[in-house]
Amino acid sequence: MRRRIKLYILIMSVTLLGPSLSWAEYDVIDITKPFLRKIPLAVPLFKNAVGSGEEKQSSQEAADFLSDSLDFTGYFKLLDRGAFLFDPETNGVTETDLNFQNWTVVGAELLVTGYYRLTGDDITIELRLFDTFKARRVLGKKYTGKVANQRDIILRFCTEVIKYLTGGEGIFGSEIAFVSNGTGNKEIYISAFDGYNPRRLTTNNAITLFPAWSSDGKWLAFTSYKAGNPDLYIRDLAKAQESKVSKQGINITPAWAPGKFELAATLSFSGDQEIYLLTGSGKIIKRLTKSRGIDVTPTWSPDGKKIAFVSNRSGNAQIYIKDLATGRVNRLTYEGQKNTQPSWSPRGDKIAYTSQMDGEHHIFTIGTDGQNPVQLTYEPRDNESPSWSPDGSLIVFSSDREGPNRIYVMTAFGTDQRRLLVLAGEQTNPKWSMNHQNN
Amino acid sequence: MPEFGSGPRFRSGVVNVSLVSLPSGPPAGGPAPAPAKPQPVVKKPPEKPAVKIPEPKPVPVVKKPPEAVSLAPKKAKPKKSLKKKTLDRSKLIDSAIERVEKKVEKTETDSVASAIEELKRKIAASEGQTGGGSVGTSPQAGTGSIGPTGGSGSGGARVQESILIYQAEIQYRIQKNWAFSQQLAGESTELEAILAIKVLRNGEIEDIWFDKKSGNAYLDDSAYKALVKSNPLPPLPTDYVRPHYKIGLRFGPKGLKRE
């Protein structure tokens, strides 16, 4: 009897989900739950031209780095090389030489092959992307350069792969600025998007906070106490020159207007924390907020027409959106005791923020219409300072889930949370740049 | 004023890029494995399914003879009463009597002889079907009433039921083979693609076609690939006698988001 009931339920659920009455010719069943929420991708070792020991090692590093970099995006499931019916020593890597059934049978939907030559310190790498089910090459590039540029070469191809799949520029030309206190003072550091090559930018020997990238990546604004007062500094990264905004009171939380040499920042010289629009050299253009109490941490909509910011005008800290043309202000967040640190997605549709709940901080996203707040982090205790990747697919944030505060990355859906890097001291306040690296 | 946005993305000179000349092979020219055949549908060796899918054997539940013999004065005993002990027995009986009375009223006008004739015809028809005769349109009609509850005497209930079980099996199988990144496809959950397949008796997918493209090439592609990967499907139910079976699959990322 029990079995029978189960069967009934099974049958009923199939019919309920399934047959579309309008499809008269045959039943239609619904397929709504993909087993794998990523694209299965195979990156076998590259084929080597010379076969020397150095070449093999360098070639394997290149293949591994390509695999890791594509994995970083969260779009792919990298398949285990052990399962491949492929030997780069004997098998060819071009369309005519590949047996695509050997790849479809292991579940690969995409395949990247490489042909690698190392002579002296020169490298030549041919990289190809295949759609295995269509048995077709969809990308093919040949790169020549110095072995020291191998990382750049691989990332250039990765950008091509992402461009093929999404039409966008991806993330491989971006960097992440963050605050680290490894030297005993909070200073600003910069690393590549994947945590590679972290380097200290400021040597202020004083608390330095709130890094903010200009859209072209040439300028970084931040707040530092190096002159005793929390002043705002705007640094030309190439020339290492700074201009300074040093009004009475605090000068904090800068945010560059998209595509402009202007930035919004919070200044308190009026006696009240208000948001102002400044030129890139630090001159006040106009005041953007006007309300008693705190107005801080502006973040721009990608079209530059609105800002979201934090205000305590309703009693506790909540996020508001101001339309700069009409001057109209709307409250965005209602759930949670305190909602702060808004970051507007480069795709424009969502705002990530930090919400205080039961003594912990967690990262949420919410539609810019105030709909559908979604909690992305659950790990105790504090997850803060979300900042979007330039393509809006990933979010960088800080978390003390493993003890000290460190920098983590997750997808915009909150999946694939991982630590970005390990440095001495604690790391906080990450800010993801747009794509500006010459990789 | 710094240049924004449109600056040269890549430094030139350090790295030279050119399109790989194709289809010239790699310089080393490894021996080519069998070139890929044109493959409308890739035939795979029947892989070991990660989870064993129950064979579509004629389902034990269906054992009872089709209720084709439903005759005029029906037995007033709805199946529900077996499951639901809380049912009000007296009410049931009342309604049953009422129905019997109605039937009787109706049959009064008919000649008894023609009623018996009708009954004989129905029985004959149902026997023909269980004997493996032509199933007629029922499996293709598909969306009709479900076998056991139907009981209307139209026959085909049993085949219908095993097809429904088969549908559940292939739904499971195809879903297992569907790799789809919502992150890549974008936020829209409204997308849907409808593909149809023609399955041969041995489970081989003979044909795949689109009934409706989603407008999102990535979703369309991933759906197509899921079907190719699912080939071959389990064999058709043994009591399904037609040489092939057509079914549509509606692929849509409804309610995916994060999980």
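Table: residues versus (1) under 16 Å from the mean Cα position of the chain (by Cα); (2) modelled with pLDDT of 90 or more; (3) under 30 Å from residue A:138 (Cα atoms); (4) surrounded by 22 or more Cβ atoms within 10 Å (Cβ to Cβ).
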site	(1), (2), (3), (4)
B:227	yes, yes, yes, yes
B:232	yes, yes, yes, no
B:235	yes, yes, no, no
B:244	yes, yes, no, no
B:259	no, no, no, no
Confirm whether residue A:168 is touching a residue at least 40 places away in the same chain (Cβ under 8 Å), more than 14 Å from chain B (Cβ to nearest Cβ), open to solvent by less than 30 Å² (accessible area, probe 1.4 Å) and out of contact with any strand residue (DSSP E or B) (no Cβ under 7 Å at 6 or more places or on another chain).
no
In the stretch A:401-418, what residues are over 19 Å from residue A:78 (Cα atoms) and part of a strand (DSSP E or B)?
A:406, A:407, A:408
Of all residues in the stretch A:130-158, which are open to solvent by 10 Å² or more (accessible area, probe 1.4 Å) and assigned to a helix (DSSP H, G or I)?
A:147, A:148, A:149, A:150, A:151, A:152, A:156
Which residues, taken from the stretch A:414-434, are closer than 24 Å to residue A:297 by Cβ and either open to solvent by less than 50 Å² (accessible area, probe 1.4 Å) or more than 14 Å from every other protein chain (Cβ to nearest Cβ) (or both)?
A:414, A:420, A:425, A:426, A:427, A:428, A:429, A:430, A:431, A:432, A:433
Subset of the stretch A:92-113 that is facing chain B (nearest Cβ under 10 Å) and under 11 Å from residue A:45 (Cα atoms) - its residue that is modelled with the highest pLDDT
A:113
Would you point out the residue of the stretch A:326-341, among those that are more than 13 Å from residue A:396 (Cα to Cα) and not in a loop (DSSP other than H, G, I, E, B), that is least open to solvent (accessible area, probe 1.4 Å)?
A:339
Counting only residues that are hydrophobic (A, V, I, L, M, F, W, C), give me the strands (runs of 3 or more DSSP E) lying completely in the stretch A:25-127 with at least 3 of them.
A:28-31, A:39-42, A:110-119
Of the numbered conditions (1) at negative phi; (2) over 25 Å from the mean Cα position of the chain (by Cα), residue A:358 satisfies every one except a single condition; which is it?
(1)
Looking at residue B:195, is it in contact with a Lys or Arg (Cβ under 7 Å, 6 or more places away or on another chain) and crowded, with 21+ Cβ neighbours inside 10 Å?
no
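The values are calculated or read from the model by the stated rules, or taken from the named source; none is laboratory data. If you're wondering where the values come from, they're calculated on a predicted model, not measured in any experiment. All Cβ positions, glycine included, derive from the backbone under ideal geometry; neighbour counts span all protein chains shown. Just the protein is used for accessible areas: all its heavy atoms, side chains included, with ligands, DNA and RNA removed. Shrake-Rupley method; radii C 1.70, N 1.55, O 1.52, S 1.80 Å.
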